[in-house]
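Here's the structure we're looking at; comments come further down.
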Amino acid sequence: MEKTMTVCSNCSSLNNVDTNKALEKSATCGKCGSDLKMHSLVSEVNGQDLQRILDNAKKPVIVDFWASWCGPCKMYGPEFEKASILNKQAIFLKVNTEENQRLSQELGIRGIPATIVFKNGKEYRRQAGALEASMIGKLIK
């Protein structure tokens, strides 16, 4: 059984989520029982949540840094979600750069969309610009 990770928007608990339940939109928080908000196998996190997941992840974490006003980001979103389904061996997260400006500065995000792959809690690879779903999986290898 494949798992991914997310943080509950209601109680802030870290959750290991069965990917099948996430895809069926039936994943709930193990602590408070709230529905976990995921798009395909992608969840949105803030800087603190990202760090908690990086500290606990046993597989690569792929993060899309985006903003609501960014046209290429809007085009990239569905491809990123598609990639999450094709690459269950990784955890897929999104960070809104408008809401997380400090984190974006700390990580040196200069343009969006930007994708960063983390392995063992450390940055492994970075790619600027929108990608097709098939290319995202190649960033992990």
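List of remarks:
- Strands (runs of 3 or more DSSP E) (entirely within the range 41-141) containing at least 3 residues that are out of contact with any Pro (no Cβ under 7 Å at 6 or more places or on another chain) and either open to solvent by 10 Å² or more (accessible area, probe 1.4 Å) or within 21 Å of CYS8 (Cα to Cα) (or both): 42-44, 61-66, 91-96, 122-128
- Hits in the range 7-25 (condition: in a loop (DSSP other than H, G, I, E, B) and within 25 Å of GLU99 (Cβ to Cβ)): CYS8, SER9, ASN10, CYS11, SER12, SER13, LYS25
- Cβ-Cβ distances below 6 Å connect the following pairs, each with a first residue in the range 24-47 that is of a type in the set (Ser, Thr, Tyr), a second residue that is assigned to a loop (DSSP other than H, G, I, E, B), and a separation of six or more residues or different chains: SER34/CYS8; SER34/ASN10.
- Residue match in the range 26-33 (condition: surrounded by 15 or more Cβ atoms within 10 Å (Cβ to Cβ) and in a strand (DSSP E or B)): no
- Test for SER134: is it among the polar types (S, T, N, Q) and modelled with pLDDT under 95: yes
- Any hit, the range 104-113, residues being under 13 Å from PHE80 (Cβ atoms) and either more than 14 Å from the chain's Cα centre (by Cα) or without any contact (Cβ under 8 Å) to a residue 12 or more places away in the chain (or both): yes
- Matching entry among ALA67, ALA57 (being at pLDDT 95 or above and farther than 17 Å from LEU139 by Cβ): ALA67
The values are calculated or read from the model by the stated rules, or taken from the named source; none is laboratory data. It should be emphasised that the depicted structure is a prediction, and the values quoted were computed from it without experimental measurement. Quick reminder, even Gly has a Cβ in these numbers, built from the backbone with ideal geometry, and neighbours come from all protein chains shown. Surface accessibility is based on the protein's heavy atoms, side chains included, excluding ligands, DNA and RNA. Shrake-Rupley method; radii C 1.70, N 1.55, O 1.52, S 1.80 Å.
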